[in-house]
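Everything on this sheet refers to the single structure shown next.
Laboratory data are not the source of any read-out in this text; all were calculated from the coordinates shown. Small disclaimer: the values here were computed from a predicted structure and weren't measured. Neighbour counts run over all protein chains shown; Cβ positions are idealised from the backbone, glycine included.
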Number of protein chains: 2
Amino acid sequence: MLTAGRAFRCRLKRVVSSTVAFRDLSNHGYSKPQVVTEDVPGPKTIALKQEANKVHQIGSINFFCDFERSKGNYLVDADGNVLLDCFQQISSMPLGYNYEGYVNLFKDESTVANIVNRAALGNFPPASYVDDLKMMMSVAPKGLSQVVTLSCGSCSNENAYKAAFMWHQRKSRGELPMNTDDNIGSCMINKPPGSPELSILSFAGAFHGRTLGCLSTTHSKWIHKIDIPAFDWPIADFPKLRYPLEEFTRENGAEEQRCLTMVEELIHQWRHKAPIAGLVIEPIQAEGGDRHASNDFFCKLREIALQNNVAFICDEVQTGMAITGEFWAHDHWKSPTPPDIVTFAKKMISGGFYFTDDMKWDEGYRIFNTWMGDPSKFPILEHTLDVVKSQDLVKHARDTGNSMQSALKDLEQRYPGVINSSRGVGMFVAFDAVDTKTRDDIVKGALRKGLLVGASGNASVRFRPSLLFSKAELDIAVDILDSTLSSISKN
Amino acid sequence: MLTAGRAFRCRLKRVVSSTVAFRDLSNHGYSKPQVVTEDVPGPKTIALKQEANKVHQIGSINFFCDFERSKGNYLVDADGNVLLDCFQQISSMPLGYNYEGYVNLFKDESTVANIVNRAALGNFPPASYVDDLKMMMSVAPKGLSQVVTLSCGSCSNENAYKAAFMWHQRKSRGELPMNTDDNIGSCMINKPPGSPELSILSFAGAFHGRTLGCLSTTHSKWIHKIDIPAFDWPIADFPKLRYPLEEFTRENGAEEQRCLTMVEELIHQWRHKAPIAGLVIEPIQAEGGDRHASNDFFCKLREIALQNNVAFICDEVQTGMAITGEFWAHDHWKSPTPPDIVTFAKKMISGGFYFTDDMKWDEGYRIFNTWMGDPSKFPILEHTLDVVKSQDLVKHARDTGNSMQSALKDLEQRYPGVINSSRGVGMFVAFDAVDTKTRDDIVKGALRKGLLVGASGNASVRFRPSLLFSKAELDIAVDILDSTLSSISKN
């Protein structure tokens, strides 16, 4: 019955099988960074930016890249600078640049057929889509039995919110029909009861995307939000933990309890204003500055949502896919109840979300758009999952992450007036600088020495290496940071 | 200065050049539809749907496809049925299936490098991105000097609305600073003045996407909107024209004036409630049932927007890319003032929007997300534009469109109790059935005979063939429709 899908997959496996045996975590090309221009970005990037500026807003462009010459964890820029990349296209590259297995996939004509004939997956999917869905289900979070594919992280969160609203209304209606004249007539003009006054609870410091629904739940940087109308939805505090954690156990416990109480109060307060259909939370607030909370906090939050019939939406767009040393960051919580919805994108190659049986909607065309994801991404994801499993990259992230965390702790102790609060789960690690200017100096100084790291929050430096980041590369990164911090501490 | 980009482009040109000479508009493979199963969808699709249903909502799946065996305007389904496809993946395939030139692109290693190293285009684009932007500017609507790339149609409209809000607030502030404490503090909690009470005016019957901002401007079908909270934004009537147009000149003129007056009144009424920063309109309401208005209506609407400082956003996601017999449907208007923003996706392969110098924002990270489109789509778009230009597919759409419109007019006269109101611009054509059930019978009946067309609105049948749709294929489509309508008229 699945002939076409299976045939496609079998052909693919043949191409893939020659590469999954590859277990060397090194880079096959570069063994260290090399900066050849006086400054980074160099003159070619500056010239390209001037050219692009004629037709495009260029304010966010760091530098232009030469992807053909990039390899593994080394990104080559347009000026020929070889950079050790611990940011990986905003945390979206699972296996680094020009991974051999990926390149081989495109020698297969069925892969190419799915690119050049981009299906409207909601209406006319390729037969292989059924196998693609099953492939995605092979890493579904525990307890989540369903999946939908979408194009990007924002789209995944927007549609997850819609699923939460639909679920809330279905429960509220019980046996009553959905398509009454009153509901139909009012929804077409954006009014209740058809377009109900409902809300999604989010957390201060959160980032869930920038389309208008997502942006109403994003509270990380004002430049994302200013001048844009938003839904007036409830916002709870996210715990502000003090570091080192072992010194502030009591304070941090009280802080987390304060935030949990606030959530409960908001659920109560909004009951008659715009009932909270769902809450959305990142297991680690990423863009907001790598803000963590304890597993206990998340388990209790999950329980509060459960008790109050609030859908629990876990945004794993940045935390998913092995980097935290579990496949999903929320696996660390060991919560007895899974999230209702888990959204993904970035390193998962495709966007989408997983959800429980209970969340499943009954009618087609409710979560829908023209493309519903991109079939050309599925072979890349499948190959990535093969590599993650066969090379046990979850364990690799845990092991390398421990080394990263130790190294940062060491740097923190050696430069106490410059950086603090090093923290992490697996390879998802960060530290804070004493202020924004110092953070910017660290990021810029490291880049000049060939290390690319990310800035986030007010004063944080974040590391989002590929899953193939090696101990040898960590040593290089730490050396560069050391020398950067040393220069800064002397100034 | 553009060495890397140019090198990329030159290599690509070599691959492409062997195929742009291809001027035969026929299909190289199939010359007629062939239905081999008793019904469409056939048993393999039914089995695949059952399998998919275990992990996925399948309500909108028409049938599964075999893209490897599809060719030109013929789509082969999982059961081996060969269908003449006049819907083309919801109007998103410009050159039909397995277009030779596309397949060849992926033999080029630089194309593959841009797929397997998907850039975060807003931060670290490939050097070739500058040439890609210029390539897109080669078909920019007249008067629009800037472009931004995005992933899909919804994302393009969401960000176009944000650009309109930003533009409105920049004009309102004049010389005053944006980043006051009051603006920053309030926007972070979704409140004015930082998150201002502004609105986007849309039209009854419109479709602009399904994310929460877009959905607040979509009013085509209740199933898209029910249970989902929406921004309370103003909605104007879209003209309901009567057909044939030449018989109802006076009535249609009055109807259009009524709608224009309503727009002016809404702009006035909302001035103190939630000022209208932009209005969004499709040149032809597509999902809403192929609803047209006159060029005069659009020119006057453009003038009203101009006089009232309302950004004019033209949604060309479905109408763009040559199908109407102009590259952009709004070219037909001959408006003295261009739109402020034109959004695109679907047949443009990449999403995004064009905009005027005046709309350009000053700061990075305001229109931004991780991927900002997909570099793997640009070579496909570039090749498509080469073919559209070298084969003058704009003229082909005009000529073939005239034949399509004549043929439908003829059918309409022969089956007056079954269909009416045939209409179109270029190959963007439709007719109405007398009621929803008859429309559904026509779509289903034609499919059984091997013709795939789209349903839209309450009772419309729409044609969205590829730009390579031939007269011979039109004859086949008309024969099937004729025989379908004949059966229905006898029942």
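Every helix of 4 or more DSSP H residues in chain B counts as -39500 (n - 2.57), and over all residues that averages to -12500 deg cm²/dmol at 222 nm. Taking every Cα-Cα distance in the range A:154-292 and sorting them into 5 Å bins starting at zero, the pair-distance distribution P(r) comes out as 2, 9, 16, 19, 18, 14, 9, 6, 3, 2, 1, 0, 0 percent. Over 26 Å apart at the Cα level, from the set A:Lys360/B:Lys346; B:Lys221/B:Lys437; B:Lys134/B:Lys395, are A:Lys360/B:Lys346.
Inter-copy label distances for B:Lys444: 6.8 nm (label point placed 7 Å from Cα along Cα→Cβ; shortest first). Peptides A:158-171, A:297-310, A:30-43 ranked from most to least packed, by the mean per-residue count of other Cβ atoms within 10 Å: A:158-171, A:297-310, A:30-43. Calculated FRET efficiency, B:Thr337 to B:Val434, Cβ-Cβ distance, R0 = 45 Å: about 0.65 to the nearest 0.05. Placing a label point 7 Å from Cα along the Cα-to-Cβ direction at B:Lys191 gives distances to the equivalent points in the other copies of 2.8 nm, listed shortest first. Placing +1 on each Lys and Arg Cβ and -1 on each Asp and Glu Cβ, with no other charges, gives the range B:129-388 a dipole about its Cα centre of roughly 320 debye. Rg ratio for the range B:129-388: its Cα radius of gyration over 2.2 N^0.38 Å, N being its residue count, equals 1.00. Candidate cross-link partners of A:Lys142 among the aspartates and glutamates, defined by an alpha-carbon separation under 13 Å and a same-chain spacing of 8 or more, comprise A:Glu326, A:Asp331, A:Asp340, A:Asp357.
The overall shape of chain B, judged from the alpha-carbon gyration tensor, is oblate: a/c is not under 1.5, and a/b is no greater than b/c. Rounded to the nearest 20 debye, the dipole magnitude of the protein assembly as shown is 940 debye, with +1 charges on Lys and Arg beta carbons, -1 on Asp and Glu beta carbons, and the Cα centre as origin.
In a simple Cβ point-charge model (Lys, Arg +1; Asp, Glu -1; nothing else charged), chain A has a dipole of about 540 debye relative to its Cα centre.
Computed over the protein assembly as shown, the P(r) tail beyond 58 angstrom holds 7 percent of alpha carbon pairs. Placing unit charges on each Cβ (+1 for Lys and Arg, -1 for Asp and Glu) gives the range B:129-388 a dipole about its Cα centre, and among B:Asn190, B:Val139, B:Val388 the Cα reaching farthest toward its positive end belongs to B:Asn190. Ranked from shortest, the separations from the 7 Å Cα-to-Cβ label point of B:Asp232 to its equivalents in the other copies are 0.9 nm. Across the cross-link table entries A:Lys162/B:Lys347; A:Lys71/A:Lys377; B:Lys71/B:Lys490; A:Lys107/B:Lys225, which are compared at the Cα atoms, the separations over 32 Å belong to B:Lys71/B:Lys490; A:Lys107/B:Lys225. Taking every Cα-Cα distance in the range A:310-414 and sorting them into 5 Å bins from zero, the calculated P(r) comes out as 2, 10, 15, 19, 18, 15, 10, 5, 3, 2, 1, 0 percent. Counting, for every residue in A:150-158, the Cβ atoms of other protein chains within 10 Å of its Cβ and taking the mean gives 6.
Taking the DSSP beta bridges with both ends in chain A, the antiparallel portion is around 65 percent.
Would you mind giving the mean number of other chain beta-carbons within 10 Å of the Cβ of each residue in A:163-170, as a whole number?
Per residue, the number of nearby Cβ atoms from other chains is 2 on average.
What is the range A:292-365 by shape, rounded, prolate or oblate, if you read a ≥ b ≥ c off the alpha carbon gyration tensor as root eigenvalues and call it rounded for a/c under 1.5, prolate for a/b larger than b/c, and oblate otherwise? Oblate, because a/c is 1.5 or more while a/b does not exceed b/c. Note on the range B:417-491: Cα convex hull, mean projected area over all directions, 4.7 nm². Centroid-to-centroid, using Cα positions, the range B:48-116 and the range B:288-350 are 29 Å apart.
Starting from the Cα of A:Lys191, draw a straight line to each of the aspartates and glutamates and keep only those under 15 Å, dropping any in the same chain fewer than 8 residues away. A:Lys191 reaches A:Asp181, A:Asp182, B:Asp227, B:Asp232. Think of the protein assembly as shown as a dipole: +1 on every Lys or Arg Cβ, -1 on every Asp or Glu Cβ, centred on the Cα centre; then among A:Ile367, A:Tyr30, B:Phe378, A:Tyr30 lies furthest on the positive end. A protection proxy built from the mean count of other Cβ atoms within 10 Å ranks the segments B:236-243, A:75-82, A:233-240, B:258-265, most packed first, as A:75-82, A:233-240, B:236-243, B:258-265. Cross-link reach is defined here as a Cα-Cα straight distance under 13 Å, omitting same-chain residues fewer than 8 places apart; for B:Lys449 the aspartates and glutamates meeting it are B:Glu38, B:Asp39, B:Asp85, B:Asp441, B:Asp479, B:Asp482.
Remark: mean inter-chain Cβ contacts per residue of B:203-214 equal 5, using a 10 Å Cβ-Cβ cutoff to other protein chain atoms.
Highest mean first, the peptides B:356-366, B:206-216, B:370-380 sorted by other C-beta atoms within 10 Å per residue fall in the order B:206-216, B:370-380, B:356-366.
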